[in-house]
Structures are given as structure tokens and as C-alpha cells.
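Everything on this sheet refers to the single structure shown next.
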């Protein structure tokens with residue numbers, strides 16, 4: 001009997017030890033490495049902002065881009081804060097005018113393009129945020145829903161009238177914008193000097209709007225020509241230079257390396273663009289094969305959330321697709337790549353595996369793990385970039401010559 005009890009004790013000890021070892025192994029297998037980034041080059045940017053419930057990413061990103069340009073040329077520092085709503089107001093007025101001239105056959109929505117801000121800076125200037133706040137007194141968050149509903153009602157009325165509206169139509173529309181967004185001031189004061197909005201752009205910020213060009217990369221138009229990107233938010237039909245994908249990346253890298261930032265338009269509806277600050281293009285098929293035969297799969301089993309995270313590179317670096325010019329074009333043609341969102345690229349970083357990422361300033365407030373900054377892989381940028389706005393002086397000379405600049 002004593003021998004049997006001793007045998008049971010030994011078995012129990014072995015079981016406990018085995019369970020402890022298994023638990024430790026499971027814990028080790030399930031441990032997520034996470035993303036670890038090292039900055040290679042980061043250029044100055046201003047503070048993170050929040051566009052709230054408004055489709056104004058185009059204005060927030062381009063305004064931030066021009067702020068960085070003023071910092072780069074020595075006319076400002078990172079404390080500068082330009083009014084986004086000044087440019088929004090000017091562009092919404094221009095959009096309504098064109099909508100009427102087109103008898104209502106024009107996209108009338110909150111969205112826009114980088115070129116819209118470039119045009120409004122050139123034609124109307126800009127003011128400091130303190131002189132035309134992005135939030136009116138008493139507001140805690142930007143919300144365009146009510147204003148947009150009223151504006152859309154006016155636009156629909158103009159369309160039904162075939163564009164034949166009364167002389168008071170635009171004055172009424174301007175008063176709506178002024179009610180919700182504030183009044184556009186006639187002057188702004190910076191560093192003790194008072195400027196008109198147009199003089200502020202050229203003299204106060206040292207910016208020349210002729211220095212900025214939009215660039216894209218698609219094969220349905222010839223390379224080294226210009227064309228209007230066929231997306232609804234390009235309501236002005238502004239032209240972009242069309243160049244090969246590899247040269248687009250060369251321009252972006254050269255810009256960052258030489259102290260410039262980039263206004264970046266992209267599709268962000270992909271699984272790989274997380275709400276926690278990561279943008280990647282996972283090779284789902286390869287990751288699935290690796291996962292099925294791994295020790296991690298043994299412990300995770302059929303947990304759908306863990307499996308999804310693993311094959312989509314949501315929690316740690318994994319294999320990504322190799323992006324070609326053809327893949328880009330197919331995404332554009334089949335509408336899996338659309339002009340979702342405008343942001344600002346300001347730097348380059350590498351993860352623990354040496355993979356290159358672009359550092360992106362977003363306009364969703366201090367969201368995600370990196371408090372408003374996203375790390376987006378080169379694969380994602382190659383695949384999902386709609387267009388960029390850059391200072392033409394940041395383009396390598398050989399490419400500029402091909403573009404005719």
C-alpha cells in the first residue's frame with residue numbers, strides 16, 4: 001500500500017511538473033513580439049489634430065504639409081497653427097459655384113483634394129487658427145452633419161432648378177458656412193506683423209504655390225504626362241504627373257531624406273491599415289501556411305481572433321505581398337483602391353526585421369498606440385497610394401527632367 005501511495009505521489013508530481021512546463025511553453029508561444037520601430041529620419045511637424053465627424057482630411061493633411069514647409073524654410077516653428085476651416089470655407093464656396101454651373105452634375109460632398117488647399121492658399125491665402133478657430137466657442141468636436149444636410153438640400157434644389165438660381169442663392173449658402181464654421185477674417189497677425197491672408201502665405205510663411213505638384217502612378221495614362229485622377233473628390237479636375245511606381249518611391253524617399261514632408265492620399269479601408277497605428281499588406285496565404293504548422297497554432301487552435309491577427313500581421317511583423325505596377329492598376333480599376341483619406345508623411349523608420357516604414361501624421365486625434373502617428377510599410381504605400389503632393393524641389397533632378405519640370 002505504501003509503495004502504491006508513493007507511486008501516486010510521483011505520478012502527481014510528474015503531472016504537475018508537466019502542466020507547469022506546458023503552461024510556460026504555451027505562454028512563450030503566445031507571447032506577441034509586437035512592432036518595434038527605430039526612426040531613420042523624421043522631419044518637423046506640428047501637433048496632432050482631430051477632424052472629428054467631417055470629411056476634411058484633405059484640408060487637415062495639406063494644411064499640416066504647408067505648416068511643415070514653412071518650418072523647413074525658416075519662416076515658422078512647430079508651434080504654428082493655421083486655420084483649416086478658412087480653406088474649407090473657401091473651397092466649399094467654389095465647389096457650390098461649380099456645382100451650379102454644371103447643373104448639378106458634379107460631386108458635391110465634404111471631401112476634396114490636396115490641390116484644393118493649394119488653390120485656396122494661392123487665391124485667398126490663409127489665416128492663423130486663432131483668428132478662425134477650427135472649433136467655434138462651446139464646441140468640443142468638429143461635426144459637419146447638420147451643416148452638410150442643409151448644404152446638400154440647397155445643392156439638390158439648385159440641381160432641380162437646372163442651375164438657374166436666384167442672385168441670393170450664394171449669399172444664403174455663404175451665411176450657412178459662416179454660421180457653422182465662422183467668419184473668414186480679413187487679416188491675421190503673426191510674430192507681431194499683420195498680414196492680409198494672401199500676403200501671409202507669401203511673406204509670412206514664405207510659400208510659393210507654384211512650387212507644389214501632385215504626382216501619381218497608373219498605367220491607364222502614359223507615363224511622364226499629366227491627367228486628372230478619375231475620382232469623385234477631384235471636383236476641380238486638377239492634373240497630376242504620372243510616373244512609374246519605382247520613381248514615385250524614389251521621390252518620396254528623396255523628399256524625406258532632404259528635409260521635406262509629403263501630403264499623402266491613400267486607401268485606408270484595408271484590413272492591414274489598423275486603428276492602432278499600423279499599415280501593412282499581409283501575404284495572407286503565406287502567413288496562413290506558416291501559421292498552420294507552427295507551435296503557436298498548436299496552442300491557439302481554432303481561436304478565430306488569434307488566427308486572424310497572425311495571418312494579417314495585426315500584432316507583429318509578418319510576410320507582406322510584393323507590390324507591382326500591375327497590382328496597383330488592378331486595385332484602382334476594380335475599386336479596391338479608392339481615395340479614402342489624406343495624411344502627411346514626415347519620416348522613415350524600420351522595424352525589428354529591418355523593414356522600411358513611412359511615418360504618417362493622421363488627423364484622427366491622438367488615436368492608436370502611437371498617439372496619432374501611423375507606421376505604414378513601403379508595400380502598403382506602393383499598393384494603396386492614390387497621389388502625393390510634394391515640393392518640386394524635392395524631386396531628384398533626373399526624374400524632374402523626365403517630368404518636364
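The values are calculated or read from the model by the stated rules, or taken from the named source; none is laboratory data. Keep in mind that this is a model prediction, so the values were computed, not measured. So basically every Cβ, Gly included, is an ideal-geometry build from the backbone, and we count neighbours across all protein chains shown.
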Next on the checklist: Cβ contacts < 9 Å: first residue within 23 Å of residue 374 (Cα to Cα), restricted to the stretch 290-315; second residue part of a loop (DSSP other than H, G, I, E, B) and at pLDDT below 55, any location; separation 6+ or different chain. Result?
Outcome noted: 310/294
Item to check | Selection from the stretch 194-205 of residues that are out of contact with any strand residue (DSSP E or B) (no Cβ under 7 Å at 6 or more places or on another chain) and either in a helix (DSSP H, G or I) or within 23 Å of residue 264 (Cβ to Cβ) (or both) | outcome: 198, 199, 201, 202, 205
Item to check | Among (1) part of a strand (DSSP E or B); (2) in contact with a helix residue (DSSP H, G or I) (Cβ under 7 Å, 6 or more places away or on another chain), the one test that residue 349 misses | outcome: (2)
Checklist entry - Restricting the first residue to the stretch 376-404 and requiring it to be surrounded by fewer than 16 Cβ atoms within 10 Å (Cβ to Cβ), which pairs with a second residue that is in a strand (DSSP E or B) meet a Cβ separation below 6 Å and a spacing of at least six or different chains? => result 392/213
Checklist entry - Is there a residue in the stretch 328-335 that is surrounded by 20 or more Cβ atoms within 10 Å (Cβ to Cβ), modelled with pLDDT of 95 or more and part of a strand (DSSP E or B)? => result no
Checklist entry - Can residue 73 be described as within 16 Å of residue 261 (Cα to Cα), surrounded by fewer than 18 Cβ atoms within 10 Å (Cβ to Cβ), touching a residue at least 40 places away in the same chain (Cβ under 8 Å) and out of contact with any helix residue (DSSP H, G or I) (no Cβ under 8 Å at 6 or more places or on another chain)? => result yes
Item to check | Exclusive hit being surrounded by 15 or more Cβ atoms within 10 Å (Cβ to Cβ), farther than 30 Å from residue 323 by Cα and out of contact with any helix residue (DSSP H, G or I) (no Cβ under 8 Å at 6 or more places or on another chain), set 188, 202 | outcome: 202
Checklist outcome for this item: Here the residues within the stretch 352-367 that are more than 24 Å from residue 233 (Cα to Cα) and either touching a strand residue (DSSP E or B) at 6+ places or on another chain (Cβ under 7 Å) or in a helix (DSSP H, G or I) (or both) are 355, 356, 357, 358, 359
Checklist entry - If we scan the stretch 48-67, do we find a residue that is more than 30 Å from residue 316 (Cβ to Cβ), in contact with a strand residue (DSSP E or B) (Cβ under 9 Å, 6 or more places away or on another chain), surrounded by fewer than 21 Cβ atoms within 10 Å (Cβ to Cβ) and at pLDDT 95 or above? => result yes
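Yes or no, residue by residue, for (1) over 20 Å from residue 127 (Cα atoms); (2) in contact with a strand residue (DSSP E or B) (Cβ under 9 Å, 6 or more places away or on another chain); (3) part of a helix (DSSP H, G or I):
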{"residue": "189", "(1), (2), (3)": "no, yes, no"}
{"residue": "220", "(1), (2), (3)": "yes, yes, no"}
{"residue": "230", "(1), (2), (3)": "yes, no, no"}
{"residue": "246", "(1), (2), (3)": "yes, no, yes"}
{"residue": "252", "(1), (2), (3)": "yes, yes, yes"}
{"residue": "265", "(1), (2), (3)": "yes, yes, no"}
Checklist outcome for this item: Filtering the stretch 128-164 down to residues that are in contact (Cβ under 8 Å) with a residue 40 or more places away in the chain, assigned to a helix (DSSP H, G or I) and surrounded by 16 or more Cβ atoms within 10 Å (Cβ to Cβ) yields 151, 154, 155, 158, 159
Checklist entry - Among the residues of the stretch 315-327 satisfying the criterion of being under 27 Å from residue 290 (Cβ atoms) and touching a helix residue (DSSP H, G or I) at 6+ places or on another chain (Cβ under 7 Å), which is modelled with the lowest pLDDT? => result 315
